[in-house]
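A short reminder: the numbers here are calculations on the coordinates, not readings from a lab. Everything numeric here is computed off the predicted structure, so don't read it as measured data. No Cβ is skipped: glycine too gets one built from the backbone with ideal geometry, and neighbour counts run over all protein chains shown.
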Amino acid sequence: GNGKQQSRVLFAKVLANQGKLDEACDFCEEVLSSDKSNAYMHYLLATILEEQQRSDEARISLKKALYLDRNFILAHFALANLALRSGKTIEARKHFDNVMEILSIYKPDDIIPESEGITAGRLAEIIGTSGAQEIA
């Protein structure tokens, strides 16, 4: 059920926030082994892998999340940032375009799903400032 999923996500986040990245990683992978279609867990695992400088693995997890949920804005956003960091500006622009396209479904005050309270308007702003400059 949803309550169980939320407590698992919370536990993984607590481990990650405590800097126990290996444990957090193992925990996510354990959850995913029994629940492969959990898009958010793939995303969470990606953010942990990214913190461990394991960008290629992070990218794979993000793509799994998007395969399960095409409109997972944060996964597109994370892929854009990964691409930017590896100097792949064309790929980054493609992912930022995906983000903006999905953002157009939302009103500026809508909270982005799974974003800890970031609004659509704020995310568009972040991309407008960071994305455009770094890509241009």
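Working from Cα positions, state the angle (0 to 90°, nearest 10) between the long axis of helix 55-68 and the longest principal axis of the chain. Once rounded, the angle reads 90 degrees.
Where a ≥ b ≥ c are the square roots of the eigenvalues of the C-alpha gyration tensor, would you call segment 1-63 rounded, which needs a/c under 1.5, or, failing that, prolate if a/b is larger than b/c, or oblate? Oblate shape, in that a/c is at least 1.5 and b/c is the bigger or equal ratio. When you count the other C-beta atoms within 10 angstrom of each residue and take the mean per peptide, 56-64, 70-78 line up highest first as 70-78, 56-64. For segment 75-115, the relative contact order is 35 percent, taking Cα pairs closer than 8 Å that sit 6 or more residues apart in sequence and dividing their mean separation by the residue count. Only Cα pairs under 8 Å and 6+ residues apart enter the sum, and on that basis the relative contact order of the chain stands at 14 percent. A compact globular protein would have a Cα radius of gyration near 2.2 N^0.38 Å; the ratio found for the chain is 1.05. Report the residue, chosen from Ala80, Ala92, Ala124, that carries the largest GNM mean-square fluctuation when the chain is represented by alpha-carbon nodes joined by springs under 10 Å. Evaluated over the chain, the most mobile residue of the options is Ala124. Compared with the dominant principal axis of the Cα atoms in the chain, helix 39-51 is inclined by about 80°. In the chain, the longest principal axis of the Cα atoms and the axis of helix 89-103 are about 80 degrees apart. For the residue pairs Lys36/Lys94; Lys36/Lys63; Lys64/Lys94, the alpha carbons lie more than 19 Å apart in Lys36/Lys94. Mean residue ellipticity, 222 nm, helices only, the chain: the sum of -39500 (n - 2.57) across DSSP H runs of n ≥ 4, divided by residue count and rounded to 500, is -22000 deg cm²/dmol. Ranked by the mean number of other Cβ atoms within 10 Å of their residues, highest first, the peptides 96-102, 43-49 come out as 43-49, 96-102.
Take the Cβ-Cβ distance between Asp56 and Ser7 as r, set R0 to 30 Å, and report the resulting FRET efficiency rounded to the nearest 0.05. Intermediate results must be reported in sequence, preceding the final value.
Working: r = 30 Å, r/R0 = 1.00.
FRET efficiency, Asp56 to Ser7: 0.50.
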